[in-house]
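The values are calculated or read from the model by the stated rules, or taken from the named source; none is laboratory data. Bear in mind that the values here come from a model prediction, so they are computed numbers and not experimental data. Quick reminder, even Gly has a Cβ in these numbers, built from the backbone with ideal geometry, and neighbours come from all protein chains shown. Protein only, heavy atoms only, side chains kept; ligands, DNA and RNA dropped before computing areas. Shrake-Rupley method; radii C 1.70, N 1.55, O 1.52, S 1.80 Å.
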Amino acid sequence: MSRTGNSTPGRRRPPTIHDVAREAGVSRGTVSRVLNGGHYVSPAAQEAVNAAIRKTGYVVNRHARSLITGRSDSVAFLLTEPQERFFEDPNFSVLLRGCTQALAAHDITLLLMSASDEPERRRITRFLTGGHVDGVLLVSSHSGDPLATRLRKAGVPLVACGKPLVQSPGMAYVAADDRAGARDMVRHLLNSGRRRIATVTGPLDTPGGVDRLAGYREELAAAGLAADEELVVSGDYSRASGERAAAELLARAPDLDAVFVASDLMAQGVLAALRRAGRRVPQDVAVAGFDDSPAALAASPGLTTIRQPWERITAEMVRVLLAQIGGEQPSGVILPTELVIRESA
């Protein structure tokens, strides 16, 4: 009995660096130099290698390359908040998308992680200091959170989104100018004739919470108005906290005529509380937010707010981090904000 031959062709061998070199007409060493940054390679040779990579379908073996370069070609996006906050607050998804796109231009993978309690911090620290990533983009850090200190002591390149509450040498960050943005918004409310201006702050253990409150107070003082602490209530950047804060403000100061809210998501909660209380916006109470996130566009009426330059923030976070990974010293960057006027104020 004869054996029937297998007519199914064998799986095609994946292309190797030798195939690329042969197709490009260059040495294997030249291909390797192109794959590792293109140093000491002529433009003509680099173009020939890139064309050969496209033609052969060669894919870099990241594990093999990491053994040679000592890099993982991956970066962590670390959120120091409970996981559910990532899905509620639109700012986090905007930051994640922008950082992913900026890193993709350098062929670097972004890993999303969260650490909101001590067991999670210990687990994440072990992973991040174990050589699995080349650096960390730290988002929403709170005062007293030890994670940034642990990572810096371990020599992990790190960039924070937001100016640290306690400045320390060697801490890199990228931030919007929260204080100036808050002053611009309060000035706008004053110029529109409002005088009983309340505020819902962010968490006062975060830089945005502290600096936006400081800007609010400074602009009132510049206008000769004493800050009334009855008009100040803290939130946690969630919609529910904005709603609770607005109810508290109305009970304390029913004559308020404006509310400056430290985030657009909290401002949505403030608008809901004012509707429930029968207050018209902006006729009775003007409402202003901060961020110009998707929450501002979803609000009704359209939310007057302070625009954070999200694209520039993410691009600068990636630039500063890659510079650190490349051996440069950490640096801090503060970017200007912009007043965006809509129907609510």
Quick check: is even one residue across the range 159-178 closer than 24 Å to Val285 by Cβ, surrounded by 15 or more Cβ atoms within 10 Å (Cβ to Cβ) and in contact (Cβ under 8 Å) with a residue 24 or more places away in the chain?
-> yes
What about Ser241, is it touching a residue at least 12 places away in the same chain (Cβ under 8 Å), over 19 Å from Leu95 (Cβ atoms), assigned to a helix (DSSP H, G or I) and not assigned by TED's automatic domain parsing to the domain that holds His132?
-> yes
From the set of residues in the range 205-237 that are in contact (Cβ under 8 Å) with a residue 12 or more places away in the chain, among the small types (Gly, Ala, Ser) and over 24 Å from Leu335 (Cα atoms), which is surrounded by the fewest Cβ atoms within 10 Å (Cβ to Cβ)?
-> Ala223
Are there any strands (runs of 3 or more DSSP E) wholly within the range 150-218 with 2 or more residues that are of a type in the set (Val, Ile, Thr) and not assigned by TED's automatic domain parsing to the domain that holds Ala315, and if so which?
-> 197-201
Is it true that some residue in the range 265-286 is open to solvent by less than 10 Å² (accessible area, probe 1.4 Å), within 21 Å of Glu81 (Cα to Cα) and assigned to a loop (DSSP other than H, G, I, E, B)?
-> no
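If I ask for residues that are of a type in the set (Gly, Ala, Ser) and within 26 Å of the chain's Cα centre (by Cα), which ones from the range 246-288 would you list? Explain how you work it out, then say what you get.
Going residue by residue through the range 246-288, those that are of a type in the set (Gly, Ala, Ser) are 246-247, 251, 253, 258, 262-263, 267, 269, 272-273, 277-278, 286, 288.
Of everything in the range 246-288, those that are of a type in the set (Gly, Ala, Ser) and within 26 Å of the chain's Cα centre (by Cα) turn out to be Ala262, Ser263, Ala267, Gly269, Ala288.
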Scope the range 30-55; condition more than 29 Å from Gly130 (Cα to Cα), modelled with pLDDT under 85 and assigned to a helix (DSSP H, G or I); matching residues = Val31
In the set Leu95, Leu78, the lone residue that is outside any loop (DSSP other than H, G, I, E, B) and in contact with a Ser or Thr (Cβ under 7 Å, 6 or more places away or on another chain) is Leu95
Matching residues in the range 196-245 - criterion: being polar (S, T, N, Q) and under 20 Å from the mean Cα position of the chain (by Cα) = Thr201, Thr206, Ser238
